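Novice: There's a structure below that I have some questions on.
Computed from the coordinates by the stated procedures, all read-outs in this text should not be read as laboratory data. Small disclaimer: the values here were computed from a predicted structure and weren't measured. Note: ideal-geometry Cβ built from the backbone for every residue, glycine included; neighbour counts use all protein chains shown.
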Amino acid sequence: MSEYTHALGDRIINLDAVDVLVAGGGPAGIAAAVAAARQGLNTMLLEATGCLGGVSTSGNLPFWLGYTNGSIPFRWMIRKNLAYRDLPHPRRAVGGIFEEAWKRIAAAGGGEPPCHMGQTDKYPGLDRLGCHDEFTFDLEIGKRVLDEMAVEAGVQLRFYARAIDVKRRGAAVEGVYFADKSGIQYVPAKAVIDCTGDADLVDDAGFATYKGDRKTGEMTAAGLVAHIEGIDAGAIEAYLNAGGDPWFYEICARARQAHPDIDLPEHLIIFPMVQDGVFMVNGGTSHRGFDGTNGVDMTNLTLKGRQRARDLTEYVFREFMPGAKNCRLRSTAATPGVRETRRIIAEYILEEDDLLNGTAFEDTVALAGRHFDLQRKDGQVFADKGLSVRRGITEIPYRTMLPKGADNLIVAGRCIGADGQCLGPARIMSTCFAVGEAAGTAARFKIQKNTAFRNIDVQALRAELRKNNCEVDA
Ligand SMILES: Cc1cc2nc3c(=O)[nH]c(=O)nc-3n(C[C@H](O)[C@H](O)[C@H](O)COP(=O)(O)OP(=O)(O)OC[C@H]3O[C@@H](n4cnc5c(N)ncnc54)[C@H](O)[C@@H]3O)c2cc1C
C-alpha cells in the first residue's frame, strides 16, 4: 500500500475477497477473466472504460489480426504488387476464447470470418489496403458479445473502475485498490492478473519493469484512430486498380502543399470497415513523443488526435481522396491507442534472436502468427531490413508472463516480457487473447496447489489449453 492509499485510511471500502482479480478488460483481460471464471473461480474484472475489448473497441480498432500466420510486411507487398488474397494462410495461430469470440460476433451479424469482409468482397481491389488475416467487426455488436461472454461465465464485471494500487507483502500481492463512482475500494485476491497493457499493477507492486525499447527507451507512436464515413469505396478501388499508392503519399503531398499551415501526415493507412463506405484511418493518426502512462500526455494526445481527425476529413479526404467529397468524420476513439509503454522484467524475456531463429520452448502457452511490424523513429520496420520471423510463428513461453520475484501476480497482453521488435507479433490482439486465456487458466493451477505461479505444472497447463481448443504447439 502506498502512502496515499494509506492516508485515505477508513474512507476505503473493503470488499469480500475474490479468487482472481483481473485488471484491464482488453483482449488479454477479457480472455483471462472468462477463462478463470469458467473454471469455477470467483473472478472480478476491473475495466477503466465502459466496455470490454481495449484498443479494439475503446480504441476504435475492430480489426483483430493474427488468427492465421502467413502475413508479410505491407511494404514488401506493395513492392511486389501483391494483394492480401494472394497470400497463403498456412495454419491457425490462435484458437480458444479468441476463436469463440469472433465466431459469436460473426453469428450475431457483426462480421465475416477472418480474411473476409463485405466491402472487399464487393470491391476486390480494396484488398490492396487491408490485412489478410484480420477479423473486422461491427463495434457495437462486438462490445455486446464480449459483455455477454463475461457475464455468462460469471465474471464480476466492474466498468469505470481503475486499479490504482496494490497491497504487497513480500512476494505476494494481497489485494488491489481501485476507484470508481462509489469511491476507493479494496479487494483481496488469491491471484492477480495484470492486463492493463501498461503493467500498472506490476509497477505499483514495485516489481521491475522498463519502458519502450530496452536500449533507447523509445516508445512507438500512439494515436487516436478515426473512422470516416460516406466514402465511395468503388472510387478508392478504381484508384488502386489504376496503380494508386495504397499508402496515399501523393495525395497527402497534395494536401500538404494546399494547406502548408496545417499539420498533416505524409501518408495514410486506411482499412475498410464492415459498414459500406466506412474506413478506419490508422496510419496518419499516430504521433510520437507521448507516454501512455502519463496522464497529461494522454490528454494532450487526445486533443491533438481530435484536431488531426478533423483535418484529415476536411483537408485530405474531402479535397483529395477519390470518392470522398461528401465524407464525414464518423467517430474518433474513446481512448488513444497506445502500442508500447512498460514491459515486465520477466522470468524469461523473449529476444529478437528467438524470433529470428524460431526458438522452441518447453513452456509455450500461446502462439503469434504475425511478422515484425513495430515502427521505430528511423522509419524502418525491422522486417524492412529483410529480417523475418522464422517459420512465421512465434512461441510465447509461460515465463514471459511472470514478473521476476512475484508469487501470485501474472501478466498478459502487450506488457509481457517481449523485448524490442518481439513486441510486434506478441502484442497482436489474437495473441493477447491467447496469452490472457493462458493466464486465467494458470490461475486455477496456482490456487488449487496453493503455490506460486512459477511453480505450477506447466505441461498440465498446456494440456488444459489444448483441451480448450488453444494452439500451444508450433
Ligand atoms: C494504433 C494501434 C493500432 C493497432 N493495430 C492493430 C491491429 O490492426 N490489429 C491488432 O490485432 N492489433 C493492433 N494493435 C495492437 C493491439 O491493439 C494491442 O497490442 C492490444 O490491444 C493489447 O491488448 P491488451 O489487452 O494488452 O491491452 P489494451 O487493448 O490496451 O487493453 C487494456 C485495457 O485495460 C484498461 N486499463 C488500463 N489500465 C487500467 C487500470 N489501471 N485499471 C483498470 N483498467 C485499466 C484499458 O481501459 C483497456 O481497456 C494496434 C495498437 C494500436 C495502439
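Novice: Which residue, chosen from TRP247, GLY183, LEU139, occupies the Cα position most advanced towards the positive end of the dipole of the chain, where the dipole is computed from +1 (Lys, Arg) and -1 (Asp, Glu) charges on Cβ about the Cα centre?
Specialist: Of TRP247, GLY183, LEU139, it is TRP247.
Novice: With the Cα gyration tensor of segment 133-218 giving a ≥ b ≥ c as the square roots of its eigenvalues, does the rule (a/c under 1.5 for rounded; else a/b larger than b/c for prolate; else oblate) give rounded, prolate or oblate?
Specialist: Verdict is oblate for segment 133-218.
Novice: Note down the magnitude of the dipole of segment 331-474 about its Cα centre, charges +1 on Lys and Arg C-beta and -1 on Asp and Glu C-beta and zero elsewhere, to the nearest 20 debye.
Specialist: 360
Novice: Still on this structure, please answer the following. In a shell of Cβ-Cβ distance under 9 Å around ALA368, excluding ALA368 itself, what net charge do Lys and Arg (+1) and Asp and Glu (-1) give?
Specialist: With Lys, Arg at +1 and Asp, Glu at -1, the neighbours total +1.
Novice: While we're on this one: Once the cut-off is 22 Å, how many percent of the Cα-Cα pairs in segment 221-332 end up in the long-distance tail?
Specialist: More than 22 Å apart: 29 percent of the Cα pairs in segment 221-332.
Novice: Still on this structure: Report the antiparallel proportion of the DSSP beta bridges in the chain as a percent, rounded to a multiple of 5.
Specialist: Antiparallel bridges: around 70 percent, rounded to the nearest 5.
Novice: Using only Cα atoms, locate the centre of segment 7-46 and the centre of segment 221-246, then give the distance between them in Å, rounded to an integer.
Specialist: Here the two parts' Cα centres lie 41 Å apart.
Novice: Turning to a different aspect of this structure: What nm distance separates the two modelled labels at GLU266 and GLU112, each placed 7 Å from Cα along Cα→Cβ?
Specialist: In this crude spin-label approximation the distance works out to 3.4 nm.
Novice: Within the chain, what is the longest stretch that has no trypsin sites (Lys or Arg not before Pro) placed in a DSSP loop and near at most 10 other beta-carbon atoms within 10 Å?
Specialist: My reading of the result: 216-474 is the longest stretch.
Novice: For the chain, treating each Cα as an identical point scatterer without solvent, what Debye log10 I(q)/I(0) comes out at q = 0.05, 0.14 1/Å?
Specialist: Rounded to two decimals, the profile gives -0.17, -1.36.
Novice: Just want the ordering: ASP121, ASP138, ASP203, from fewest to most Cβ atoms lying within 10 Å of their own Cβ.
Specialist: Exposure proxy ranking, most exposed first: ASP121, ASP138, ASP203.
Novice: Let me ask something else about it. If the limit is 22 Å between Cα atoms, which of LYS215/LYS304; LYS80/LYS122; LYS80/LYS215; LYS190/LYS211; LYS181/LYS404; LYS304/LYS377 go over it?
Specialist: Exceeds cut-off: LYS215/LYS304; LYS80/LYS122; LYS80/LYS215; LYS190/LYS211; LYS181/LYS404.
Novice: If a/c stays under 1.5 just call it rounded; otherwise compare a/b with b/c (prolate if a/b is bigger, oblate if not). Do that for segment 399-474, with a ≥ b ≥ c from the square roots of the Cα gyration tensor eigenvalues.
Specialist: It is oblate, given that a/c is not under 1.5 and a/b is not larger than b/c.
Novice: Nothing charged except the Cβ atoms of Lys and Arg (+1) and of Asp and Glu (-1): what's the magnitude of the dipole of segment 221-332 about its Cα centre? Round to the nearest 20 debye.
Specialist: 240
Novice: Between ARG75 and ASP276, what is the label-point separation in nm under the 7 Å Cα-to-beta-carbon projection?
Specialist: 3.8
Novice: Same structure again: So which GluC sites (Glu not before Pro) in segment 273-368 are both in a DSSP loop and have at most 13 other Cβ atoms within 10 Å of their Cβ?
Specialist: Sites meeting the loop and neighbour criteria: GLU362.
Novice: I've got another one for you. Per residue and in Å³, how big is the convex hull formed by the alpha-carbon atoms of segment 64-173?
Specialist: 177
Novice: May I pose another question? So for the chain, averaging the separation of alpha carbon pairs under 8 Å that are six or more residues apart and normalising by length, what relative contact order in percent results?
Specialist: The value is 22 percent.
Novice: May I pose another question? Among PRO90, GLY217, LEU329, which residue has its Cα positioned farthest towards the positive end of the charge dipole of the chain, with +1 placed on the Cβ of Lys and Arg, -1 on the Cβ of Asp and Glu, and the dipole taken about the Cα centre?
Specialist: The one lying farthest along the dipole's positive direction is GLY217.
Novice: Something else now. Hand me the chymotrypsin sites (Phe, Trp or Tyr not before Pro) from segment 274-355 located in a DSSP loop with no more than 12 other Cβ atoms within 10 Å, in residue order please.
Specialist: none
Novice: What's the exposure ranking of THR285, THR49, going from fewest to most Cβ atoms within 10 Å?
Specialist: By the 10 Å Cβ count, ascending: THR49, THR285.
Novice: Counting Lys and Arg as +1 and Asp and Glu as -1, each charge on the Cβ, what is the dipole of segment 92-225 about the Cα centre in debye, to the nearest 20?
Specialist: For segment 92-225, the charge dipole is close to 380 debye.
Novice: For segment 221-332, build the charge dipole from Cβ charges (+1 Lys, Arg; -1 Asp, Glu) around the Cα centre, then report which of ILE270, ALA238, LEU301 sits farthest towards its positive end.
Specialist: Result: LEU301, furthest along the dipole toward the positive end.
Novice: Could you tell me whether segment 1-120 comes out rounded, prolate or oblate from its Cα gyration tensor? Rule is a ≥ b ≥ c as square roots of the eigenvalues, rounded for a/c under 1.5, then prolate if a/b exceeds b/c, otherwise oblate.
Specialist: prolate
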